[in-house]
Amino acid sequence: MSVSMSTSRKAQASAELALALVRSSVRKLEGYIPGEQPAIPGLIKLNTNENPYPPSPRVLRAVKNAVDVRLRLYPNPTSSALREALAKFHRCSPEQILVGNGSDDVLALITRAMSDPAPEGASPGSSLSSRSVVQFLSPCYSLYPVLARIHGAVPVAVPLAADFSLPSRRALERGGSWRFDAALTFITTPNAPTGRGYATGDLRKLCRLQTGAVVLDETYADFAQENALNLAFDFPHVLVTRTFSKAYSLCFQRVGYAVAHPEIIRALDKIRDSYNVNGLGQVAALATLNDPAYYRRNFERIKRSRARLTRSLERMGFEVLPSQANFLLAKPPSFPAERWLGLLRERNILVRWFKSPEIRDYIRVTVGSEREVSVLIAAVRSILQNHER
Ligand SMILES: *Cc1c(COP(=O)(O)O)cnc(C)c1O
């Protein structure tokens with residue numbers, strides 16, 4: 001008894017010692033909470049917007065062929081072959097492209113390069129220097145405020161319009177908390193978790209109003225009717241980020257990139273880790289760009305399934321937001337959304353629920369394969385039938 005007491009007291013004392021070494025701002029941080037990745041056999045995993053289809057056979061072959069004694073060597077430090085291929089793909093120059101360890105890495109680099117840390121305890125408000133403002137229209141990708149806090153900048157969340165569309169200039173001015181001079185503005189387009197696409201014309205107008213940097217996070221652009229990549233070529237203060245994760249079935253490999261003015265790319269390049277993109281990731285991404293037809297077919301399949309799932313859910317009483325992405329945000333009938341999460345989980349289907357007030361009445365469902373969509377529809381039908389009885 002006394003032995004275990006003193007052991008636990010010792011453990012506590014060293015934990016306190018260790019914690020005291022950590023910067024106070026880091027101690028207070030709440031990290032990003034990623035969607036679950038449970039290893040349950042047969043689980044239908046519709047919670048993190050992964051692509052249901054495998055990478056192209058060419059990609060799998062290229063990665064397998066690269067696994068040999070070369071693993072002992074460092075990868076290409078500037079992802080040069082991949083940047084050249086991306087430049088060809090987007091009709092720009094490699095100097096306009098920076099590759100990262102997933103686009104999350106790129107978003108973190110952008111936050112560090114484009115915004116200033118604020119004095120401790122600073123909060124949003126007119127006295128806060130615009131240099132420390134990292135703003136976004138919420139709900140959106142929930143990593144942005146975490147990146148801002150890690151860096152010591154101040155996240156400012158400004159609500160989207162009630163139907164989750166982009167607010168007009170007048171609405172932003174009236175709301176009072178939007179900063180047209182913010183050092184950094186993040187826009188997820190198409191948006192997550194709402195699925196809404198924003199018209200390029202509206203994004204262009206918003207970019208024109210901003211004096212600081214604007215990031216258009218186009219993770220889901222391949223599932224949308226239009227994209228705003230040209231804004232990165234038209235404006236020196238606009239950056240577009242893309243990723244191989246969702247549309248190109250490469251989450252595991254962690255490859256994302258930014259397209260921006262060469263001066264901005266040079267700045268980001270200075271602060272990244274020297275080998276920030278792993279070698280197999282570079283191989284996989286390069287092979288991906290060599291098989292565009294394969295991926296175009298998958299985009300079409302996912303868009304067809306998205307339409308079928310939308311129709312079926314609507315017939316069963318769900319209110320489904322129009323989606324330009326590979327997921328749907330839907331307000332379910334009969335039970336609270338959080339309960340649906342549990343009811344579906346009992347049937348081995350994992351979807352996502354967010355407890356933030358604007359979207360707590362919704363569930364977010366990734367568009368899976370044709371079979372997964374059918375299983376989901378059947379499960380929803382059976383849940384509703386059991387409820388009626
Ligand atoms: C998934 C996601 C990312 C992260 O992508 P990675 O390239 O895998 O890091 C970034 N932005 C949004 C909106 C996402 O949904």
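The table that follows gives values for the structure above.
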| item | result |
| --- | --- |
| Order of L280, L17 under a 10 Å beta carbon neighbour criterion, fewest first | L17, L280 |
| Distant-in-sequence amide H partners of E319 (H built 1.01 Å from N, under 5 Å) | K331 |
| For the range 291-389, projected area of the alpha-carbon convex hull averaged over all directions, nm² | 6.6 nm² |
| Cut-off under 5 Å, modelled amide H: who pairs with N191 long-range | R196, G197, Y198 |
| For the chain, built as a Gaussian network whose Cα springs stay under 10 Å, the top-fluctuating residue of S249, S126, S115 | S126 |
| Candidates A161, A20, A11: whichever shows maximal mean-square fluctuation once the chain is modelled as a Gaussian network with Cα springs under 10 Å | A11 |
| Estimated Rh, the range 150-205: Kirkwood, alpha-carbon pairs, angstrom | 12.6 Å |
| Fraction of beta bridges assigned by DSSP in the chain that are antiparallel (%, nearest 5) | 45 percent |
| The range 1-92, Cα convex hull volume normalised per residue, Å³ | 325 Å³ |
| Under the Debye formula (equal points on every Cα, no solvent term), log10 I(q)/I(0) of the range 78-172 at q = 0.22 Å⁻¹ | -1.04 |
| Radius of gyration and Dmax over the Cα atoms of the range 235-281, both given in Å | 12.2, 33 |
| Per-selection metrics, the range 260-308 (Cα): Rg and Dmax in Å | 16.6, 46 |
| Note, ³J(HN,Hα) from phi for the range 79-96, Karplus 6.51, -1.76, 1.60, rounded to Hz, x at Gly and Pro | 6, 5, 5, 5, 5, 5, 5, 5, 5, 5, 4, 9, 6, 9, 9, x, 5, 9 |
| Cβ-based exposure ranking for Y144, Y74, in which fewest neighbours within 10 Å come first | Y74, Y144 |
| Measure of compaction for the range 45-124 (Cα Rg per 2.2 N^0.38 Å) | 1.56 |
| Packing-based exposure ordering (other Cβ within 10 Å, fewest first) of T7, T241 | T7, T241 |
| Convex hull of Cα atoms in the chain, direction-averaged projection (nm²) | 24.2 nm² |
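Taken together, the values in this text are just the output of simple stated rules run on the coordinates, not laboratory data. Since this is a predicted model, take the numbers as computed values, not measurements. Because the Cβ atoms are built from the backbone with ideal geometry, glycine has one as well, and the counts that use them run over all protein chains shown.
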